[in-house]
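Some notes on the structure that comes next.
The values are calculated or read from the model by the stated rules, or taken from the named source; none is laboratory data. Quantities reported herein were computed from a predicted structural model and do not represent experimental measurements. As a convention, Cβ positions derive from the backbone with ideal geometry for all residues, glycine included, and neighbour counts pool all protein chains shown.
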Amino acid sequence: MKKASPFEIVAARCWNLLNEGKPFTPIFVLGVFLLYRIGEWSDPSFWSAAGLGLLVTLPFFVIYYCFDFPLLLRNYLWLPLIAALLVWDHGSLSLYLLALGLFFFFTVYFWGTFYYHLRIGTSWWNFTRFWKLVLKNSDSTSGNAQEQMPKFLLLLLIWNHFYSVFYPTGSVAVAPHLLAPAIFAVCLWLYSYVLHANLFDWKPAEDSPLTDKSGWPETAVNEKVIVIVIDGMRKERFEEANAPFLKKLRAEGTEYAQMETVYPARTVVCFSSMFTGTYPREHGIRSNMVWKLGIKVESIFDSLRKVGKTGRLLGIAHLIDSMGSDVESVTAVMHNDAADRNIIERAKRIMDEQNPDLLVAQLIGVDQTGHSRGVLYDEYLQKIEEADRLIEEFVDWLDNRGMMKNTTLLICADHGQADGIGGHGHLDEGERFVPFFLHGPSIKKGLRIEEKHSLISIAPTLAYLLGAPVPSSSRGTVLSESMKTNADRERKTS
Ligand SMILES: [Zn+2]
């Protein structure tokens, strides 16, 4: 039952620099260029020419940092590369081969094999599967080969070209050479802007009004809520899995058949939205790479404190970046077959020792298997089936302690997963709608709600169930259709 160590918390943040596509591209290009020219480092004019060449390339770094090219957008990145090859000389084939070689070494071997082996115990042969995931992955992580390749090749081509222009003199008599990159940069910015304005259509519509509290009950609907988030559980894969306990809960509770995640569908972003009731633009967590620690708005944990109640969020170290001391962290450095068992044991201990009114537990095995082995293989289904057994055991354990009598269970995923390394964020197939159902004495039985809802409804629904104020920026609607009315309850007792 290991907690995440301070080292792990920092290491997880550093890893994100290489994991998220935005910071990866410039770091990778810088590393490749310097490595390629390692023999010239002792020559002072190398540094001045490389520095001036980098200055000319800077606008291109900025454009490719600002604009992600996920999903179908990445197909449009090859055109600027071809244009650059026509405008400038083709440069150095050996530089491009080095870049491609290092990229696939980094993603397929270092990340997909070495890193996963050390962290979650995947086999040393994982590269035999992983290269396919790297080629397919559509999200803007560093593991998206189809986005990263045309990006870093263009940046290297331009930098290397202007390096040769400036070398060895570092002279400024090169002003005529600067017109072409200036025009090219303006065109690339326009091109990216127009593409995003017209083709970037997968961001879900956002509710704007704040959560309406009229008609809320005066007191708590029930005593406790247990939320179990099966991280990265893709909806149709859950349907295919043999998960009898979860499917029984769903059948005996209320299901939301069209529960939509938020954009971008990265774990820390989703959790922040789920427990504040609002969108990334407002809570401030826009990717797993959290530059400024802490959400900017109230969370359900703050709401509970206002009425003297407690909530705990049991999850991976990344969540501390967003929700700080409300998180009970678990280490993510553990064999993936042991991770969820470890989390469930820790959840029991929290219930024993702290008995919070709200417990949120994040199971990570399914997501980690999706990332490291792909979601369209049997291992992924097996992990869902294991989660089913573990949740059954946990609920029985709570039941035996009398903790389920007046408790609502909420089971969901934070996002689904597309196929491939780092495979979620931009709402590719399989990411957008997540399994979501409620169960308990206050929840209607056998109801299936088809209307579209958003995961931001979780925070206000928890506030409603536990008799707490809504978090101040909550915009979600309460999932009250799922709850029994007083009349339903009286009918039952009479
Ligand atoms: Zn997640």
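Numerical summary
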| read-out | value |
| --- | --- |
| Residue in segment 37-50 that is buried (at least 19 other Cβ atoms within 10 Å of the Cβ), in the same structural domain as Pro150 (by TED's automatic domain parsing), closer than 16 Å to Met149 by Cα and touching a Phe, Trp or Tyr at 6+ places or on another chain (Cβ under 9 Å) present | no |
| Number of the exception - Thr331 against (1) within 16 Å of the ligand (Cβ to nearest atom); (2) farther than 24 Å from Leu466 by Cα | (1) |
| Boolean, Ser322 is within 30 Å of Phe110 (Cβ to Cβ), buried (at least 24 other Cβ atoms within 10 Å of the Cβ) and within 16 Å of the ligand (Cβ to nearest atom) | yes |
| Members of segment 288-302 found to be assigned to a loop (DSSP other than H, G, I, E, B), away from the ligand (no atom under 12 Å from the Cβ) and either not assigned by TED's automatic domain parsing to the domain that holds Val327 or not charged (D, E, K, R) (or both), listed by number | Met289, Val290, Trp291, Leu293, Gly294, Ile295, Val297, Ser299 |
| Flag if Val56 is part of a helix (DSSP H, G or I) and in contact with a Phe, Trp or Tyr (Cβ under 6 Å, 6 or more places away or on another chain) | yes |
| In segment 237-283, residue nearest to Lys484 (Cα to Cα) [restricted to those that are within 14 Å of the ligand (Cβ to nearest atom) and assigned to a loop (DSSP other than H, G, I, E, B)] | Thr261 |
| First in segment 282-305 and closer than 20 Å to Leu210 by Cβ and surrounded by fewer than 22 Cβ atoms within 10 Å (Cβ to Cβ), second anywhere and among the β-branched types (Val, Ile, Thr) and at pLDDT below 85, Cβ under 9 Å, 6 or more apart | Gly284/Val290 |
| Single match in Lys444, Lys484 (criterion: closer than 19 Å to Glu252 by Cα, without any contact (Cβ under 8 Å) to a residue 60 or more places away in the chain and basic (Lys, Arg)) | Lys484 |
| Exclusive hit being assigned to a loop (DSSP other than H, G, I, E, B) and without any contact (Cβ under 8 Å) to a residue 12 or more places away in the chain, set Ser138, Ser42 | Ser42 |
| Any hit, segment 350-361, residues being under 19 Å from the mean Cα position of the chain (by Cα), under 14 Å from Ile226 (Cβ atoms) and crowded, with 23+ Cβ neighbours inside 10 Å | yes |
| Filter pass, Ile158 being under 20 Å from Phe69 (Cβ atoms), part of a helix (DSSP H, G or I), assigned by TED's automatic domain parsing to the domain that holds Leu81 and of a type in the set (A, V, I, L, M, F, W, C) | yes |
| Residue in segment 208-233 that is nearest to Gly416 (Cα to Cα), counting only those that are touching a strand residue (DSSP E or B) at 6+ places or on another chain (Cβ under 8 Å) and within 16 Å of the ligand (Cβ to nearest atom) | Met233 |
| Every pair of residues 6+ apart whose Cβ atoms lie under 7 Å, when the first sits in segment 258-274 and is acidic (Asp, Glu) while the second is in a loop (DSSP other than H, G, I, E, B) and away from the ligand (no atom under 11 Å from the Cβ) | Glu260/Pro204; Glu260/Arg432 |
| Failed condition for Asp340, given (1) within 16 Å of the ligand (Cβ to nearest atom); (2) within 26 Å of Val297 (Cβ to Cβ); (3) of a type in the set (Asp, Glu) | (2) |
| Any hit, segment 196-218, residues being of a type in the set (A, V, I, L, M), without any contact (Cβ under 8 Å) to a residue 12 or more places away in the chain and not in a loop (DSSP other than H, G, I, E, B) | yes |
| Residues (surrounded by fewer than 22 Cβ atoms within 10 Å (Cβ to Cβ) and touching a helix residue (DSSP H, G or I) at 6+ places or on another chain (Cβ under 6 Å)) located in segment 375-387 | Glu379 |
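Conditions tested, residue by residue: (1) farther than 23 Å from His415 by Cα; (2) at pLDDT 95 or above.
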| site | (1), (2) |
| --- | --- |
| Gly440 | yes, yes |
| Lys444 | yes, yes |
| Leu447 | no, yes |
| Ile456 | no, yes |
| Ala459 | no, yes |
| Lys484 | yes, no |
